[in-house]
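To start, the structure under review is shown below, and the notes come after it.
What follows draws every value from the coordinates through simple rules; no lab data is involved. Remember, predicted model here, so these are calculated numbers, not experimental data. Positions of Cβ are generated from backbone atoms using ideal geometry, with glycine treated the same way; all protein chains shown enter the neighbour counts.
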Amino acid sequence: MVRLNFARFRSTRQHMRNLTALATACAALLLLLAPPHNLRAQSKKRRETSINRQRRNEQTVKDAYSHRWEIGLSGTYMRTDTGHNQRKTNLDGYAVTDTYYFNPKWSVVADTRGNFGGARVFNNPYNVYDPLISEFTFMAGPQVRLYRKARWAFSPHILVGAVRGNFSGGTKGLPSTLLGIYPDGWRAAASPGVNVDFNLFPNMAVRATPNIVFTTFDGSLQTNLGVNLGLVYRFGRQK
């Protein structure tokens, strides 16, 4: 009888040891799986920082693209035709743009440009080479801001209007047509392009504008590739 009780006692004792070992193992596993308090705090802090950053970006976007007006001033480069059977030449100059925004996406643009350079004139009996020429464009048209973020914005536009070509100012009094250059005068012009803005501040950005300028001197179509680079200033607020 005593042996039986002792055996039962030993069995109960072994069972308790097994339960204790199992409980210890479970506790250790939970400690390993549960993140420490500082990690939970860091995770919460990261979530709060991400939310705050998103709110700041949303406010920056709102501040940058809720202006009513933009004024841009740029330097220009254009590769252009100057006459029939003449080589293309490089013109440099300026561009001034005024933009009125109906809302953060849609606007209308007024654009004025002046480009200056020398015509590529060769092998003529008048000893006139590289005469100075100039082109002035006055155009306007719609613009849409397709992409707007805190730092970047992309806004394609299409402008139409007129161009004034001055091709005889440096020809020593000769008609420009004698040198194979287009005649002076007003002609129709158009220019598709896209404004690429990098925001320095909500009201100021660096702007690059790759574009094409179509002109119609002497009844033919000229395709002139160019790019403008400068600054844009924003002011006023949309209601």
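Can you work out ³J(HN,Hα) from phi for every residue in the stretch 190-200, in order, using Karplus 6.51 cos²θ - 1.76 cosθ + 1.60 and θ = phi - 60°, giving whole Hz and x for Gly and Pro?
Couplings: 8, 8, x, x, 9, 7, 10, 9, 10, 6, 7 Hz.
How big is the charge dipole of the stretch 68-235 about its Cα centre, in debye rounded to the nearest 20, if each Lys and Arg gets +1 on its Cβ and each Asp and Glu gets -1 on its Cβ?
Computed charge dipole of the stretch 68-235: roughly 540 debye.
Using 0.36 nm times the number of residues separating Tyr233 and Trp69, minus their current alpha carbon distance, what extension gain do you get?
58.2 nm
What is the calculated FRET efficiency for Val144 to Tyr100, with r their C-beta to C-beta distance and R₀ = 22 Å, to the nearest 0.05?
With R0 = 22 Å, the Cβ-Cβ based efficiency is 0.95.
Given H placed 1.01 Å from N in the peptide plane, which residues other than close sequence neighbours of Tyr182 have an amide H under 5 Å from its amide H?
Gly83, His84
Listed highest first by mean packing, meaning other Cβ atoms within 10 Å per residue, what order do 95-102, 76-83, 55-62, 171-178 come in?
Output ranking for 95-102, 76-83, 55-62, 171-178: 76-83, 95-102, 171-178, 55-62.
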